[in-house]
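Okay, structure first, notes after.
The values are calculated or read from the model by the stated rules, or taken from the named source; none is laboratory data. What you are looking at is a predicted structure, and each value in this text was computed from that prediction instead of being measured. Cβ atoms come from the backbone with ideal geometry, glycine included; neighbour counts cover every protein chain shown. These area figures cover heavy atoms from the full protein model, side chains too; ligands, DNA and RNA do not enter into them. Shrake-Rupley method; radii C 1.70, N 1.55, O 1.52, S 1.80 Å.
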Amino acid sequence: MWNKLFTELAGIASTSDREVDIILNELKAISIHRWGEVRAIFADIGERVSNLYRRKKDKIISYIEKVFGFKRFFTKLYVVYGFNPMPGMSFGTMLYFDDENPVTAVYVNDLHGESHVLDLAIHELLHGLIRLNSVELEHDIEELVIDVSAPDGYLSKIIGLVDRANARLENVLYFQREAERYKRLFDLLVEYCEKRSTTWLI
């Protein structure tokens, strides 16, 4: 039901499911406090992020291919904006995935620049590309590899979204399992990226 509803809302697919129609009508009846203001913020962010993505699209695809060696890519990436009222805090998630339609969400506000928002979307896109290319990694390891890449990571830097990579192990250590193992892997990933980042730019 969630997938049917979500693909309808995102404009990915249309369904004639009666239950979906009922839920959509319920959603339309909901009044959201200060929605006009929030909608204007999202429209502005969405336009700025889309413009930046179009300018960097070829570079993003080229560097993801060089860094990860992916052979398959999506033709579209859907980004849903969620409002996060906390200053300086942002996060993303993969809401829906199939072989053609990844739908990510980024929770941001008007204090976040378009480079940071796109960087968050790229983080979620990498999760989707790992699935699309049938790369099998433990969940925690996958998160660690992607966190070293984006946001604020080495991939972010070579794409030109940040001036310097600022990969942080703390993003993954909230799992609190095998912390020493993650620290060693994190150090190896950073070392690898430091050595290879100049060759990726060639």
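Subtracting the Cα-Cα distance of Lys59 and Thr93 from 0.36 nm times their residue separation leaves 9.9 nm of extension gain. Once the Cα atoms are used to define both axes, helix 139-149 deviates from the longest principal axis of the chain by about 80 degrees. Across Ile32, Ile159, Ile41, Ile23, the residue with the most accessible area heads the list, and the full order at a 1.4 Å probe is Ile32, Ile23, Ile41, Ile159. For the chain, the share of accessible area belonging to carbon and sulfur comes to 52 percent (1.4 Å probe, ligands and nucleic acids excluded).
Once you list every other residue whose beta carbon is under 15 Å from the beta carbon of Phe73, what net charge do they have if Lys and Arg are +1 and Asp and Glu are -1? Neighbourhood net charge equals +2.
Going by the alpha-carbon gyration tensor, a ≥ b ≥ c the square roots of its eigenvalues, is region 12-55 rounded (a/c under 1.5) or, if a/c is not under 1.5, prolate (a/b greater than b/c) versus oblate?
Numbers: a/c = 7.35, a/b = 1.53, b/c = 4.80.
Note, shape of region 12-55 comes out oblate.
The 3J(HN,Hα) values that the Karplus relation (6.51, -1.76, 1.60; θ = phi - 60°) gives for region 34-50 are, in residue order, 6, 4, x, 5, 5, 4, 5, 4, 5, 4, 5, 4, x, 5, 5, 5, 4 Hz. Gly and Pro appear as x. Accessible surface for region 66-202, divided over its residues, is 53 Å² per residue with a 1.4 Å probe. Quick check: from the Cα gyration tensor, does region 1-131 come out rounded (a/c under 1.5), prolate or oblate? Oblate, because a/c is 1.5 or more while a/b does not exceed b/c. Extension gain, Arg164 to Arg34: 0.36 nm times the residue separation minus the Cα-Cα distance gives 43.1 nm.
With 0.36 nm allotted per residue and the present C-alpha distance subtracted, the Asn51-Arg196 stretch has 49.3 nm of extension available.
For Tyr63, the solvent-accessible surface with a 1.4 Å probe is about 30 Å², rounded to the nearest 10.
Helix 179-200 axis versus longest C-alpha principal axis of the chain: approximately 80°, rounded to the nearest ten. With every protein chain in place and a 1.4 angstrom probe, the accessible-area ranking of Val145, Val49, largest first, reads Val145, Val49.
Computed on protein heavy atoms with a 1.4 Å probe, the accessible areas place Asp44, Asp17 in the order Asp44, Asp17, largest first.
What shape does region 62-202 have by the C-alpha gyration tensor, where a ≥ b ≥ c are the square roots of the eigenvalues, rounded means a/c under 1.5, and otherwise prolate means a/b greater than b/c and oblate the rest? Cα axes put region 62-202 in the rounded bin.
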